[in-house]
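Chemist: Once you've had a glance at the structure underneath, I'll fire off some questions.
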Amino acid sequence: MARAAKAAKQSYVEIKLAKSLIGSKKDQIATAHALGLHKIGDISVQPDIPATQGKIRKIGHLIEVKETDQGGAK
């Protein structure tokens, strides 16, 4: 039961690909794809954990980020 309560308190971030991946480095393209972002306008909801924050920092110039309450794909 503690596991369910911990999962309910977890926060999420909504990540939207705002700029094209054309001309980006291969590792940045791979990071965007790992987040589920392939085309401009794609939106992905990810848990707000250190791994996700690192990915956001790596491609921060290509995306828009906002906090949300619920997880899951959009």
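Chemist: Among the residues of segment 1-35, write down those that are modelled with pLDDT under 95 and closer than 17 Å to Q53 by Cα. Outline the logic, then answer.
Modeler: First, pick out the residues of segment 1-35 that are modelled with pLDDT under 95: 1-11.
The answer is Q10, S11.
Chemist: Please go through segment 20-74 and pick out each residue that is of a type in the set (D, E), surrounded by 11 or more Cβ atoms within 10 Å (Cβ to Cβ) and within 23 Å of K9 (Cβ to Cβ). Let's see the steps before the verdict.
Modeler: To start, the set of residues in segment 20-74 that are of a type in the set (D, E) comprises 27, 42, 48, 64, 67, 69.
Among the residues that remain, those that are also surrounded by 11 or more Cβ atoms within 10 Å (Cβ to Cβ) are: 42, 48, 64.
Scanning segment 20-74 gives a single hit, D48.
Chemist: Sort out which residues of segment 13-37 are in contact with a strand residue (DSSP E or B) (Cβ under 9 Å, 6 or more places away or on another chain), closer than 12 Å to L62 by Cβ and assigned to a loop (DSSP other than H, G, I, E, B), and write them in order of number. First the steps, then the outcome.
Modeler: Step one: list which residues in segment 13-37 are in contact with a strand residue (DSSP E or B) (Cβ under 9 Å, 6 or more places away or on another chain), which gives 13-19, 32, 35-37.
Filter once more, so that each one left must be closer than 12 Å to L62 by Cβ: 15-19, 32, 35, 37.
Listed by number, the residues that qualify are A18, K19, L35, L37.
Chemist: Same structure, new question: For segment 38-72, which residues satisfy the criterion of being farther than 10 Å from L17 by Cα, aliphatic (A, V, I, L, M) and either in a strand (DSSP E or B) or more than 8 Å from the chain's Cα centre (by Cα) (or both)? Before the answer, list the steps.
Modeler: Going residue by residue through segment 38-72, those that are farther than 10 Å from L17 by Cα are 45-58, 66-72.
Narrowing further to those that are aliphatic (A, V, I, L, M): 45, 49, 51, 56.
Selection gives V45, I49, A51.
The values are calculated or read from the model by the stated rules, or taken from the named source; none is laboratory data. Fair warning: this is a prediction, and the values are worked out from it, not measured in the lab. Backbone-built Cβ (ideal geometry, glycine too); neighbour counts: all protein chains shown.
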